[in-house]
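Engineer: To start, I am sharing the structure in question, which I have written as structure tokens.
The values are calculated or read from the model by the stated rules, or taken from the named source; none is laboratory data. Predicted, not measured: the structure shown is a model, and the values here were computed from it. No Cβ is skipped: glycine too gets one built from the backbone with ideal geometry, and neighbour counts run over all protein chains shown.
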Amino acid sequence: MNLIEAVIVAVVEGLTEYLPVSSTAHMIFTSSWLGNQEDTYVKMFQVSIQFGAILSIVVMYWRKFFDFNHYKFYIKLALAVLPALVLGYLFDDLIESVLERPVPIAIVMILGGVILLFIDKLFTKHTVEDEKSVSIKSAVAIGFWQCLAMMPGVSRSAASIIGGMQQGLKRTTAAEFSFFLAVPTMLAVTVYSVFVKDWTYMGSEMKGLEMITYSPDNLKMFIVGNIVAFVVALIAVKSFVGFLNKHGFKPFGYYRIIVGILILLAFR
């Protein structure tokens with residue numbers, strides 16, 4: 001992977017991370033199109049640039065994240081992220097094996113798209129208007145919904161937003177809670193991939209950090225990738241909430257179906 005390819009992947013990550021279209025699937029297909037998906041550094045890079053996307057949410061909602069007077073906010077996020085941390089650790093190898101198979105991911109994209117076509121009509125009763133009204137029980141339930149996204153193609157954003165609506169959150173509130181929940185979830189995944197997980201790179205077992213600092217080019221791609229993901233995600237999130245409030249999930253459903261079919265045709 002070169003710097004231009006790293007920027008392309010980072011743009012895809014920033015655009016899709018918080019949309020209900022599966023950023024993982026989009027990055028995998030983008031890297032496959034670029035011809036470097038089998039590169040171990042690329043796989044680690046796809047996870048590590050989530051850090052930039054995380055920062056975009058923290059910056060955009062900084063008053064919420066640094067309002068230490070409302071400690072229940074942190075408790076809700078901590079409890080909601082636990083299911084994903086436990087199940088993600090247990091099934092890490094299985095998830096990684098699926099990442100190398102475009103066809104099942106494309107099928108999940110299509111099925112998820114069909115669900116999004118009807119989701120607005122399925123959950124019409126909204127009793128929770130803002131994040132402060134989300135109960136701890138509902139937060140944990142949304143955390144379990146988020147676990148559906150362990151299957152690449154599902155979309156963490158879609159799963160957690162739908163989970164929020166199932167728990168009575170209005171559409172925009174569910175989206176914002178999904179953003180908040182993404183921060184500890186993605187931070188944990190990034191830390192695990194960079195500092196804990198062992199990768200096979202250049203014939204040796206390395207931590208992600210060792211791969212990043214292996215060469216000046218790797219380090220440059222990591223830094224630039226996170227900056228690009230941060231800027232693009234900031235723009236995407238600002239646009240998404242307004243679009244979702246006006247148009248609902250149906251456009252994303254059609255998009256997923258079309259992309260899934262195109263991928264099936266490309267990798268048949």
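Engineer: So which residues in the range 27-47 are touching a Ser or Thr at 6+ places or on another chain (Cβ under 7 Å) and in contact (Cβ under 8 Å) with a residue 60 or more places away in the chain?
Structural biologist: Within the range 27-47, GLN37, THR40, MET44, VAL47 meet the criteria.
Engineer: Pick from the range 49-94 the residues that are of a type in the set (Ser, Thr, Tyr) and closer than 22 Å to ILE227 by Cα: which of them is modelled with the highest pLDDT?
Structural biologist: Across the range 49-94, the extreme among qualifying residues is SER56.
Engineer: While we're here: Could you please find all residues in the range 23-52 being β-branched (Val, Ile, Thr) and either assigned to a helix (DSSP H, G or I) or over 27 Å from PHE252 (Cα atoms) (or both)?
Structural biologist: THR24, ILE28, THR30, THR40, VAL42, VAL47
Engineer: Out of all the residues in the range 218-229, is one or more in a helix (DSSP H, G or I) and touching a Gly at 6+ places or on another chain (Cβ under 6 Å)?
Structural biologist: yes
Engineer: From the list TYR201, TYR255, TYR214, pick out the single residue that is aromatic (Phe, Trp, Tyr) and in contact with a Ser or Thr (Cβ under 6 Å, 6 or more places away or on another chain).
Structural biologist: Only one candidate qualifies: TYR201.
Residue by residue, here is whether (1) modelled with pLDDT under 90; (2) of a type in the set (A, V, I, L, M); (3) assigned to a loop (DSSP other than H, G, I, E, B) holds:
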position: GLU96; (1), (2), (3): yes, no, no
position: ILE105; (1), (2), (3): yes, yes, no
position: ILE110; (1), (2), (3): no, yes, no
position: LEU116; (1), (2), (3): no, yes, no
position: ALA139; (1), (2), (3): no, yes, no
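Engineer: Name the one entry in GLY164, GLY208 that is out of contact with any Cys (no Cβ under 8 Å at 6 or more places or on another chain), within 23 Å of VAL11 (Cβ to Cβ) and not hydrophobic (A, V, I, L, M, F, W, C).
Structural biologist: GLY208
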